[in-house]
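One structure is given here, and the rest of the page talks about it.
The values are calculated or read from the model by the stated rules, or taken from the named source; none is laboratory data. All figures in this text were calculated on a predicted structure; none of them were measured in a lab. FYI the Cβ positions are ideal-geometry reconstructions off the backbone, even for glycines, and counts take in every protein chain you see. Ligands, DNA and RNA are excluded from the accessible area calculation, which covers all protein heavy atoms including side chains. Shrake-Rupley method; radii C 1.70, N 1.55, O 1.52, S 1.80 Å.
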Amino acid sequence: MKAIVQDTYGPADVLQLRDIDRPAIGDDDVLVQVRAAGVDPGVWIFMAGRPYLARLASGLRRPRVPVRGRDLAGVVAAVGARVTRFRPGDEVYGTCLRGSYAEFASAPQRRLARKPANVSFTQAAAVPVSGMTALRAVRDSGEVRPGHRVLVIGASGGVGSLAVQIAKAYGATVTAVCAPAKADFVRSLGAEDVLDYTSAEVDRDGPVYDVVIDTGGDRPLSLLRRALTPHGTLALVGGAYAKGPMLSGYDRQMFRAPLLSLFVSQRLRSVSAVERAEDLGELRGLVESGALTWRSTAPTPLPRHRTRSGTSGTGTRQERSSSPSELLVIAAHQPRRRPARRPVRRHHPPARRAAGRPRRPGSPAAAVSAGLVLAALALAAWGSPPPAPGTGPTAIADFPDVDKPAPEQQSTPPNRPPGTERAGGPRRPCIVSDDRQVT
Ligand SMILES: NC(=O)c1ccc[n+]([C@@H]2O[C@H](COP(=O)([O-])OP(=O)(O)OC[C@H]3O[C@@H](n4cnc5c(N)ncnc54)[C@H](OP(=O)(O)O)[C@@H]3O)[C@@H](O)[C@H]2O)c1
């Protein structure tokens, strides 16, 4: 089968398209024919091996698991002897431990659930890691109750945009922290109030929040605590983008917050994503009830063909901003029929960069770009040149026999307020069709 594989840590260039054996399944495992696989910041962390702390889990010198990707949505192809919840043909979504950027993936049954019926595979693949993290932040760490005032930092991101909606579903009043270009977007998710972090800090209103969920930036604990009521709860999710190659920002949630929590009236908690079927089931309920919506990028097809020159390349750097709740998906099992060429929509830089604000290396925006670099690598591995103005990207909607987003989950919802598009253009950033493909 085809898979996107790496032998060493490094930038996206280390990823290669290769033929490898189908994964074996144990008694409690499910073999899933992957229809789509999501990209989240963790993919970049384990590709790059940064922060170095991550290598304790993934391998000190090289990744123990060569195939990248955790999120998946697909169809059950085979089940192990002790699997009772699934049978071949079931549509599932969830996470796997040994890589989902492949045509087939093996996943323990406890990490899978039935796919929400009202969304496509590509939509479903964007949810598991971000959704389970958001759910744990709101429900378990934040213990959000009806009437709580909740502040979500990083509300326009993958985890944050889902946390806003889950907190709303749990009856909270939500203030969303994001860049100004994303304000309308986070309001459309249900946030009552929006705080633009470029002009005000999160303690702007004083100690008013019962729960603060931090998925973005690297604010000091003292600043976050000033926004919390005396017995409020801080749920720390992010940290990957803070400075420091060893721990990045994770020392804040792994060591400092739990220690400080022993001595103060506020509860300072770190959120760890425990991936399990029960949480996927709760998310499925929220999705099917319409409480949870999101957008994923049009997917990058998993390449089927080797290029004349081999499988690795320099990658096509598609520079773009982090964009509201836009979750990148790689779609396996692309259709055989080659789609027609479509004109490229050139991406314009976001307003804040155009205004002269440099992107910080290692920022969350860079991580979303890292996802794009992964997509670009798939493009390069397929032998396609960098997209040039007037050529290139083809969205999933152009493949009639690949699953299309269900109408209520289209990549740009019809009820989206004007102005929530990414600055400089509509959000159709992807990918991938080129006539120069070599078979
Ligand atoms: N604990 C876990 O198990 C777990 C699981 C998944 C993810 N994570 C971590 O959670 C974090 C967020 O993940 P994600 O998938 O949501 O990433 P993401 O999609 O890149 O979103 C991060 C958001 O942070 C915002 N941001 C950047 N600088 C900010 C600042 N100074 N103040 C406030 N917000 C700022 C960005 O919003 P703007 O575009 O508005 O600037 C962006 O939307 C990452 O560090 C990731 O590694 C942890």
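Can you pull out every residue in the range 137-150 that is crowded, with 24+ Cβ neighbours inside 10 Å and part of a helix (DSSP H, G or I)?
Of the range 137-150, the ones crowded, with 24+ Cβ neighbours inside 10 Å are 137-138, 142, 144, 150.
Passing the criteria: 137, 138.
Just wondering, is there one or more residues in the range 90-108 that are more than 11 Å from the ligand (Cβ to nearest atom), assigned by TED's automatic domain parsing to the domain that holds residue 205, on the phi > 0 side of the Ramachandran plot and touching a residue at least 40 places away in the same chain (Cβ under 8 Å)? Within the range 90-108, none of the residues are more than 11 Å from the ligand (Cβ to nearest atom), assigned by TED's automatic domain parsing to the domain that holds residue 205, on the phi > 0 side of the Ramachandran plot and touching a residue at least 40 places away in the same chain (Cβ under 8 Å).
Given the structure, is residue 134 open to solvent by 40 Å² or more (accessible area, probe 1.4 Å), assigned to a helix (DSSP H, G or I) and within 11 Å of the ligand (Cβ to nearest atom)?
Details: open to solvent by 40 Å² or more (accessible area, probe 1.4 Å): no; assigned to a helix (DSSP H, G or I): yes; within 11 Å of the ligand (Cβ to nearest atom): yes.
The answer is no for residue 134.
Taking the range 151-174 only, how many residues are touching a Lys or Arg at 6+ places or on another chain (Cβ under 9 Å) and either more than 12 Å from the ligand (Cβ to nearest atom) or open to solvent by 30 Å² or more (accessible area, probe 1.4 Å) (or both)? Summing the residues that are touching a Lys or Arg at 6+ places or on another chain (Cβ under 9 Å) and either more than 12 Å from the ligand (Cβ to nearest atom) or open to solvent by 30 Å² or more (accessible area, probe 1.4 Å) (or both) in the range 151-174 gives 6. For the range 22-45, taking the residues that are open to solvent by 30 Å² or more (accessible area, probe 1.4 Å) and either aromatic (Phe, Trp, Tyr) or in a helix (DSSP H, G or I) (or both), the one that is farthest from the ligand (Cβ to nearest atom) is identified as 44. In the range 248-274, the residues that are without any contact (Cβ under 8 Å) to a residue 12 or more places away in the chain reach residues that are open to solvent by 50 Å² or more (accessible area, probe 1.4 Å) and away from the ligand (no atom under 15 Å from the Cβ) with C-beta atoms within less than 8 angstrom, at least six apart or across chains, in these pairs: 261/267. Out of the residues in the range 196-219 that are more than 9 Å from the ligand (Cβ to nearest atom) and under 19 Å from residue 168 (Cα atoms), which is surrounded by the fewest Cβ atoms within 10 Å (Cβ to Cβ)? Of everything passing the filter in the range 196-219, 208 is surrounded by the fewest Cβ atoms within 10 Å (Cβ to Cβ). Checking each residue in the range 55-93 for being under 22 Å from residue 130 (Cα atoms), part of a strand (DSSP E or B) and open to solvent by less than 20 Å² (accessible area, probe 1.4 Å) picks out 67, 71, 72, 73, 74, 92, 93.
Reported count of residues in the range 227-262, each being modelled with pLDDT of 95 or more, farther than 25 Å from residue 161 by Cβ and either within 16 Å of the ligand (Cβ to nearest atom) or assigned to a loop (DSSP other than H, G, I, E, B) (or both), is 0.
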